[in-house]
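The values are calculated or read from the model by the stated rules, or taken from the named source; none is laboratory data. If you're wondering where the values come from, they're calculated on a predicted model, not measured in any experiment. Quick reminder, even Gly has a Cβ in these numbers, built from the backbone with ideal geometry, and neighbours come from all protein chains shown.
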């Protein structure tokens, strides 16, 4: 059965795509849950409008991510942590800590899931974190971990 997807469905397709789905899957899952509707001759125009909307939104998200990358590539972010002898931290710097520091210092909101740590940060010093806010945009962020003065 041919259906038009109303939303992105993992493993099936994206919003506005006309896909061929098994009859049972379409009638028991996609259509009742509002994820798709049956493809008719008039539905193709609706599908085209949905695809255009999806592409416009994706282009806007990409431009926001590129602007974020331009603002963060040359500006280090400072995080203060408690440390013991030899610069070892009590605990570690997490992606949540980095996301909070980005919001406080650079006024940039980024989801912690979009930050990738190669290894846990457990020492004072300069570290690199990779940010991937969009599938096509990836950039490094410099994190400066310093001893908390309090």
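Residues that are free of Cβ contacts under 8 Å to residues at least 60 places away in the same chain and surrounded by fewer than 14 Cβ atoms within 10 Å (Cβ to Cβ) number at least 3 in the following strands (runs of 3 or more DSSP E) confined to the range 10-95: 88-93.
Summed over the range 96-109, residues that are assigned to a loop (DSSP other than H, G, I, E, B) and surrounded by 12 or more Cβ atoms within 10 Å (Cβ to Cβ) total 1.
If I filter the range 101-125 down to residues being over 16 Å from residue 68 (Cβ atoms) and within 19 Å of the chain's Cα centre (by Cα), which single residue comes out as modelled with the highest pLDDT? Give the derivation first.
First, the residues of the range 101-125 that are over 16 Å from residue 68 (Cβ atoms): 117-125.
The next check asks that each one be within 19 Å of the chain's Cα centre (by Cα); those that pass are 117-118.
On the way: 117: 88, 118: 83.
This residue is 117.
Is the range 44-62 home to any residue that is out of contact with any helix residue (DSSP H, G or I) (no Cβ under 8 Å at 6 or more places or on another chain) and under 30 Å from residue 144 (Cα atoms)? The answer is yes; a qualifying residue exists.
Restrict the check to the range 24-36 and report whether at least one residue is closer than 29 Å to residue 132 by Cα and modelled with pLDDT of 90 or more. Yes - at least one qualifying residue is present in the range 24-36. Taking the stated definitions as given, is residue 78 at pLDDT 90 or above and closer than 28 Å to residue 137 by Cα? Against the criterion (at pLDDT 90 or above and closer than 28 Å to residue 137 by Cα), residue 78 qualifies.
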